[in-house]
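I have placed the structure first, in the form of structure tokens, so that the comments after it can refer back to it.
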Amino acid sequence: MNQTGIKTVRQYLTDQNLQAFLISDNADQFYLSGFLGDESYVVVDADNIFIVTDARFFEQIKQQAPDTTVVDIKETSLADFLAAHYQNIAIESDYLLTKDYQSIVEKGIKTTNADLVVKQLRMHKTDQEIDLISQAAEISDKVYDHIVQFMKVGMTELEVAHEIESTGFKLGAQKLSFDTIVASGARSAQPHGSATDKIIEDGDVVTLDFGFVYQNYYSDITRTVVMGKASDEVKKVYQAVKKAEEWGIKFAPLVETFGDLDRVIRGSIDDSGYGKYFNHGSGHGLGLVCHDYPIMRRSNNDQLEPKIVFTVEPGIYLPGRFGVRIEDDIYKNEQGESIRLTHSTNELIEI
Ligand SMILES: [Mn+2]
């Protein structure tokens with residue numbers, strides 16, 4: 001049970017004159033209650049924390065969230081349960097199923113979108129959370145060390161991806177952060193090209209983007225390597241991405257908002273002349289979810305406060321040719337220094 005989190009949610013309810021908060025995002029549910037499940041709902045009101053769920057989770061809840069009250073979904077639907085107790089509630093619109101939302105509205109319950117209330121709480125990490133992300137990141141670093149020794153021309157992307165994954169599991173990872181990306185040759189110009197049976201050839205630029213979860217906390221790293229000798233153009237693009245990434249890390253303690261840091265990173269790529277080939281956000285929050293709040297884009301106004309863990313990941317993608325991305329996991333500490341949680345070299349490696 002996260003007493004501070006629950007207290008903040010209850011304060012929000014009081015301030016907004018709402019009777020309950022329906023938490024549907026699994027990460028938010030775990031953060032507040034300790035319950036790690038799915039297909040369930042957590043309802044926080046002024047006095048109680050309910051978990052609306054089915055019998056699969058009853059025993060688990062006794063262990064993980066003993067201070068909560070279980071509501072058996074077989075006895076009452078979510079909408080009936082809510083209608084019996086509340087006239088107005090906060091919801092998380094980005095995680096509430098449309099069918100459940102419709103049932104709630106049909107019962108005459110008024111809803112208020114509160115998508116960011118728990119996410120903005122969750123983005124501020126405790127020392128213990130930072131330590132867990134750091135351990136997840138250490139697994140990813142060790143895997144990168146190994147994979148640059150392992151991968152050879154003639155292997156398929158999938159062979160490399162499977163080696164990344166099995167190495168991470170041997171090092172104690174709980175699960176993958178996401179499907180491992182190994183994108184070689186022209187495929188490296190696809191920012192999220194999951195591994196295929198394509199054979200890795202001499203001269204290929206290869207993007208490796210992967211991450212491992214440790215005790216429910218995620219890491220995320222990207223490196224781009226070259227098979228054989230890098231051409232002058234590949235070197236030029238690589239240096240432009242590397243510089244933008246380093247500027248992102250360097251300026252993180254000096255800017256006010258995540259939008260400002262996005263502008264710094266994007267500005268660096270623009271200065272290199274490749275601005276129109278950088279077509280995604282320059283980073284994202286990291287914690288109980290891999291692509292967590294906040295997404296670092298120009299329009300984001302969240303203050304870049306100490307102990308928010310996030311990624312910095314600029315890229316340049318030349319369609320049909322090649323792409324380069326470099327990504328590290330960082331935060332700003334209370335002394336105003338940028339701290340890296342991933343430590344792999346960002347120098348260009350020719351294999
Ligand atoms: Mn990422």
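The values are calculated or read from the model by the stated rules, or taken from the named source; none is laboratory data. Model, not experiment: these values are computed from the prediction. Using ideal geometry, Cβ is built from the backbone for each residue, glycine included, and neighbour counts are taken over all protein chains shown.
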*Elements of type strands (runs of 3 or more DSSP E) in region 244-351, at least 1 residues being more than 16 Å from the ligand (Cβ to nearest atom)*: 315-318, 322-325, 328-332, 338-340
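When region 76-95 is examined, which residues are found to be part of a helix (DSSP H, G or I) and either closer than 16 Å to Ala114 by Cβ or touching a strand residue (DSSP E or B) at 6+ places or on another chain (Cβ under 8 Å) (or both)? Walk me through it before giving the result.
Step one: filter region 76-95 for residues part of a helix (DSSP H, G or I), giving 78-85.
Listed by number, the residues that qualify are Leu78, Phe81, Leu82, His85.
Please specify each residue of region 37-75 satisfying the condition of being of a type outside the set (S, T, N, Q) and assigned to a loop (DSSP other than H, G, I, E, B).
Gly37, Asp38, Glu39, Ala46, Asp47, Asp54, Ala65, Pro66, Asp67, Ile73, Lys74, Glu75
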*In the list Ser299, Ser272, Ser344, Ser338, which residue meets the criterion of being modelled with pLDDT of 95 or more, more than 30 Å from Val226 (Cβ to Cβ) and surrounded by fewer than 23 Cβ atoms within 10 Å (Cβ to Cβ)?*
Ser299
_Those residues of region 28-53 which are in contact (Cβ under 8 Å) with a residue 40 or more places away in the chain, under 21 Å from the mean Cα position of the chain (by Cα) and surrounded by fewer than 20 Cβ atoms within 10 Å (Cβ to Cβ), in sequence order_ = Leu36
*asked:* Against the condition touching a Lys or Arg at 6+ places or on another chain (Cβ under 7 Å) and without any contact (Cβ under 8 Å) to a residue 60 or more places away in the chain, how does Arg263 come out, does it pass?
replied: yes
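So that you can scan it fast, the table gives a plain yes or no per residue for (1) out of contact with any strand residue (DSSP E or B) (no Cβ under 9 Å at 6 or more places or on another chain); (2) more than 20 Å from Leu121 (Cα to Cα):
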{"site": "Asp260", "(1), (2)": "yes, yes"}
{"site": "Ser268", "(1), (2)": "yes, yes"}
{"site": "Phe278", "(1), (2)": "no, yes"}
{"site": "Gly287", "(1), (2)": "no, no"}
{"site": "Cys290", "(1), (2)": "no, no"}
{"site": "Arg297", "(1), (2)": "yes, no"}
{"site": "Ile339", "(1), (2)": "no, yes"}
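Kindly indicate whether any position in region 165-178 is in contact with a Cys (Cβ under 9 Å, 6 or more places away or on another chain), modelled with pLDDT of 95 or more and either in the same structural domain as Lys307 (by TED's automatic domain parsing) or over 20 Å from Phe310 (Cα atoms) (or both).
In the first step, residues of region 165-178 are kept if they are in contact with a Cys (Cβ under 9 Å, 6 or more places away or on another chain); the result is 177-178.
Filter again for modelled with pLDDT of 95 or more, leaving 177-178.
Narrowing further to those that are either in the same structural domain as Lys307 (by TED's automatic domain parsing) or over 20 Å from Phe310 (Cα atoms) (or both): 177-178.
Scanning region 165-178 turns up at least one residue that is in contact with a Cys (Cβ under 9 Å, 6 or more places away or on another chain), modelled with pLDDT of 95 or more and either in the same structural domain as Lys307 (by TED's automatic domain parsing) or over 20 Å from Phe310 (Cα atoms) (or both).
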*asked:* Looking only at residues that are closer than 30 Å to Tyr31 by Cβ and surrounded by fewer than 21 Cβ atoms within 10 Å (Cβ to Cβ) in region 181-225, which one is farthest from the ligand (Cβ to nearest atom)?
replied: Gln215
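Going by the structure shown, is Ala252 closer than 20 Å to Asp292 by Cα, assigned by TED's automatic domain parsing to the domain that holds Glu157, at pLDDT 95 or above and touching a strand residue (DSSP E or B) at 6+ places or on another chain (Cβ under 8 Å)? Even if it seems obvious, please write down each step before you answer.
Details: closer than 20 Å to Asp292 by Cα: yes; assigned by TED's automatic domain parsing to the domain that holds Glu157: yes; at pLDDT 95 or above: yes; touching a strand residue (DSSP E or B) at 6+ places or on another chain (Cβ under 8 Å): yes.
Here the answer is yes, as Ala252 does meet what is asked.
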